[in-house]
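Scroll down for the structure; my scribbles are underneath it.
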Amino acid sequence: MHEVKRQQSVKVGRVAVSALALVIAVMTMHAVARPGPQTPGRGSQPAAQSDEPFKSGATYVEKIPETNVSFEMVAVPGGTFMMGSPASESGRRPDEGPQVEVELAPFWISKHEVTWDEFDEFAFARGAKGLRTVDSAAADADALTRPSRPYGDESRGFGKGKQPAIGMTHHAAMEYCRWLSKVTGQAYRLATEAEWEYAARAGDANAAPESLAEGAWFAENADGEPHPVGGKQPNPWQLQDMLGNVAEWVLDQYDGGRYQKLSVLPQPLKRPVLVPDDRRFPHGVRGGSYLDGADALRYAARVGSSDEWSMSDPQQPQSIWWHPDESFVGVRIVRAVEEQPELRGLRSKVTQDSM
């Protein structure tokens, strides 16, 4: 009798030990599977966490902290393409060639242009979401500066809200990206010329989309004004308004002979970029606008900014924030999956003393 009870106790003990071992094993598995500390942007939705695996075609929504304003980013796969236009392309300009082969790493790009809802949070919102901001004349070079007020209506009478933000300088566009990076915890910047053309083409080797009117606002259908973002069909990579509506600042300093210089280097070129210096002009602009004809909306078409865009500015020195004579250039943003060394921590070098 005692022997039976002892054997039953042993069996019960073994079951209890086995059960305890199973619990420990399950807990251990969960501990191993659980990711470490996450560092998403403070305004990100759950799907926007920057340490999630990059998947081509994926999207995330970033919410600007302490606001109801958000924007959508789209994953663009890395790859190789021919940048520029062939000599046979109709409407081609000399600064578009010769074509060069470019290799790019994957990156995120905004689904459409930055809206006034977004840009106003940087330029005009009181307190700029808790960041220390100072006026343009401040001596602290590391402080974020708020744009000075432009002369007249910065929206040029086209309205705000979901309309694309326009009229800002390249310096202002870069400072917007720097501000956005600080408030979200993600590293946002302007697209390089190569990234912009690659994303606009979305695998298309032709001069422009087959049906331009379906995907772009331009001189033939825009009635002389920009339109709220996202109103046209997206390209194959689900990006909207890459061509037309408003043209877009790119990161690069503009150089009309750039492709000629690149053509003698080993191909494919790895993530080429002409990092901007402290000059106010010229900087690259891409995509064409609501004012342009179809030739300006070709993927390879390039424009350099000009001091003529600020001719009517009465200030001396003229504003580094606004172009009063330009109402057709806006902003689109990028976030690299892995940033290239020369662009890490990049900020505008333009100051009031810049020429």
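The values are calculated or read from the model by the stated rules, or taken from the named source; none is laboratory data. Nothing here was measured: the structure is a model prediction, and the numbers come from that model. For neighbour counting, all protein chains shown are included, and Cβ atoms are generated from backbone atoms with ideal geometry for every residue, glycine included.
Out of the residues in segment 56-101 that are aliphatic (A, V, I, L, M) and without any contact (Cβ under 8 Å) to a residue 60 or more places away in the chain, state the one that is nearest to Q186 (Cα to Cα). Outline the logic, then answer.
So in segment 56-101, the residues aliphatic (A, V, I, L, M) come out as 58, 61, 64, 69, 73-76, 82-83, 87, 100.
Of the ones still in play, those that are also without any contact (Cβ under 8 Å) to a residue 60 or more places away in the chain are 58, 61, 69, 75, 87.
Numbers: A58: 17, V61: 12, V69: 16, A75: 15, A87: 40 Å.
Result: V61.
How many residues are closer than 18 Å to V74 by Cα, touching a Gly at 6+ places or on another chain (Cβ under 9 Å) and in a helix (DSSP H, G or I) if we restrict to segment 182-226?
Going through segment 182-226 one residue at a time, the tally reaches 7.
Say we look at segment 285-322 and pick out the residues that are among the hydrophobic types (A, V, I, L, M, F, W, C) and assigned to a loop (DSSP other than H, G, I, E, B); which of these is farthest from the chain's Cα centre (by Cα)?
The qualifying residue farthest from the chain's Cα centre (by Cα) is M311.
When residues of segment 141-181 are filtered for being under 19 Å from the mean Cα position of the chain (by Cα) and of a type in the set (S, T, Y), how many remain?
3
For segment 305-355, name all the residues that are in contact with a His (Cβ under 6 Å, 6 or more places away or on another chain) and either not assigned by TED's automatic domain parsing to the domain that holds D255 or not hydrophobic (A, V, I, L, M, F, W, C) (or both).
S305, S310, S348, V350
Just to be sure I understand, how many residues within segment 227-238 are buried (at least 20 other Cβ atoms within 10 Å of the Cβ) and either touching a residue at least 24 places away in the same chain (Cβ under 8 Å) or not in a loop (DSSP other than H, G, I, E, B) (or both)?
Residues flagged as buried (at least 20 other Cβ atoms within 10 Å of the Cβ) and either touching a residue at least 24 places away in the same chain (Cβ under 8 Å) or not in a loop (DSSP other than H, G, I, E, B) (or both) within segment 227-238 amount to 4.
Give the residues of segment 73-92 that are surrounded by 15 or more Cβ atoms within 10 Å (Cβ to Cβ) and out of contact with any strand residue (DSSP E or B) (no Cβ under 7 Å at 6 or more places or on another chain), sorted by residue number.
Those that are surrounded by 15 or more Cβ atoms within 10 Å (Cβ to Cβ) and out of contact with any strand residue (DSSP E or B) (no Cβ under 7 Å at 6 or more places or on another chain): P77, S85, E89, G91, R92.
Every residue in segment 216-244 that is in contact with a helix residue (DSSP H, G or I) (Cβ under 6 Å, 6 or more places away or on another chain) and over 18 Å from A202 (Cβ atoms), please.
The answer is F218, N221.
Suppose we filter A199, A213 for residues that are among the aliphatic types (A, V, I, L, M), free of Cβ contacts under 8 Å to residues at least 24 places away in the same chain and assigned by TED's automatic domain parsing to the domain that holds K270; which single one remains?
Going through A199, A213 in turn, the sole match is A213.
Collect the residues in segment 246-270 that are within 25 Å of the chain's Cα centre (by Cα) and polar (S, T, N, Q), keeping them in residue-number order.
Scanning segment 246-270 gives a single hit, Q253.
Anything in segment 221-254 that is farther than 11 Å from G287 by Cα, of a type in the set (D, E, K, R) and in contact with a strand residue (DSSP E or B) (Cβ under 8 Å, 6 or more places away or on another chain)? List them, or say none. Break it down stepwise before answering.
If we filter segment 221-254 for residues that are farther than 11 Å from G287 by Cα, which is where we start, we get 221-240, 251-254.
Checking the rest, the ones that are also of a type in the set (D, E, K, R) come to 223, 225, 232, 252.
Hit for segment 221-254 is D252, nothing else.
Would segment 267-284 turn up any residue that is polar (S, T, N, Q), in contact with a helix residue (DSSP H, G or I) (Cβ under 8 Å, 6 or more places away or on another chain) and either surrounded by 18 or more Cβ atoms within 10 Å (Cβ to Cβ) or in a loop (DSSP other than H, G, I, E, B) (or both)? Please lay out each step first, then the result.
Taking segment 267-284 first, the residues polar (S, T, N, Q) are 267.
Still in the list and also in contact with a helix residue (DSSP H, G or I) (Cβ under 8 Å, 6 or more places away or on another chain): none.
Scanning segment 267-284, I find no residue that is polar (S, T, N, Q), in contact with a helix residue (DSSP H, G or I) (Cβ under 8 Å, 6 or more places away or on another chain) and either surrounded by 18 or more Cβ atoms within 10 Å (Cβ to Cβ) or in a loop (DSSP other than H, G, I, E, B) (or both), so the answer is no.
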